[in-house]
Amino acid sequence: MLRRLLLTAAVSATAALTAVPSASAGTPASPQAASPAPLPTASPAPLAAAPVGLSSLYTAARGGMEPAAMPPPARPEDSEDRLTVTVQEAGNGADGTYELDCHPAGGSHPRPAEACDLLDGNTTWGKDLFAPVPPNALCTLQYGGPATAHVTGTWAGRPVDARYDRTNGCEISRWNTMVPFLPDLMS
C-alpha cells in the first residue's frame, strides 16, 4: 500500500512540476508563445505533519508554498486489499476457502505474508495482475490436474473476479506464477 501511495505521489509531483513554468522562463520567447495556464486561486488545506519525502511534492507558486495537485483519496472500502480464494480439487489438504488481507497481512490464508509479498511484487500500474490467458495464446496440450481456484475481492482499489485452472500449459504457468497465493501443486 505504501509503495502504491509513493508511486501515486511521485506521478502527481511529476505532473505538477511539468505543469508549472520554470522561474527562469520569465517572459515568453516570442509573442506567439502561449502563456501558461493560471494557477488555481484556492489552496487546499496544508498537510499536518507530512511524512518525510512528501516535501518534494510541494511546488513554488505565487511566491509561497502550495501542495502539488494530488488525486482525491480513495474511499476506504475501495482501498482495502482483501481477497477470497476458493480452491477445489487440489488435494493434499489445499482445498477450501481462504481470506487474505494485506497491509497488514492476515486472514485465514495459510501463508498470508508470502502471498501479500507475491501480489505486491507483481502489481504493475496499468496491468491486470489477475488477467486471464489471452484467447489467442498458443498453449501446450498438457493437463495439470483438476484443481480450480476462484479469486474475488479487491486488489489495488480494483474489483477482482478471476478463475484459475490447470487445463493446459498456459493455465498451469498462470497458476504457478501465483504460488504461494495459490497452493503449490508441484510438490
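I need the Kirkwood Rh of the stretch 93-187: take the reciprocal of the average 1/r across all distinct C-alpha pairs and report it in angstrom.
14.1
Along the stretch 173-178, what does the Karplus equation 6.51 cos²θ - 1.76 cosθ + 1.60 (θ = phi - 60°) give for ³J(HN,Hα), rounded to whole Hz, x for Gly and Pro?
Whole-Hz 3J(HN,Hα) from phi for the stretch 173-178: 5, 4, 5, 4, 6, 9.
List every residue whose amide H lies under 5 Å from the amide H of Gly106, counting only residues 5 or more places away in sequence or on a different chain, with H placed 1.01 Å from N in the peptide plane.
For Gly106, whose amide H was placed from the backbone, the distant partners under 5 Å are Asp101.
Just to confirm my numbers, what's the Cα centroid distance between the stretch 158-172 and the stretch 96-121 in Å?
18
Using only protein heavy atoms and a 1.4 Å probe, report how much of Arg166 is accessible, in Å² to the nearest 10.
Here the accessible area works out near 10 Å².
Please list Glu89, Glu80 in order of solvent-accessible area, largest first, computed with a 1.4 Å probe with all protein chains present.
Heavy-atom accessible area, descending, gives Glu89, Glu80.
Suppose each label sits 7 Å from its Cα in the direction of the beta carbon; what would the His103-Thr140 distance come out to in nanometres?
3.7
Go through the stretch 119-133 residue by residue and turn each phi into a ³J(HN,Hα) via Karplus (6.51, -1.76, 1.60, θ = phi - 60°); whole Hz please, and just put x for glycine and proline.
Residue by residue, the stretch 119-133 yields 5, 4, x, 9, 7, 10, 4, x, 10, 8, 4, 9, 4, x, 5 Hz.
The values are calculated or read from the model by the stated rules, or taken from the named source; none is laboratory data. Since the structure is predicted, the reported quantities are computational estimates derived from the model, not experimental observations. A quick note on method: Cβ atoms are made from the backbone with ideal geometry, for glycine too, and the neighbour counts reach across all protein chains shown. SASA here: full protein model, heavy atoms, side chains in, ligands and nucleic acids out. Shrake-Rupley method; radii C 1.70, N 1.55, O 1.52, S 1.80 Å.
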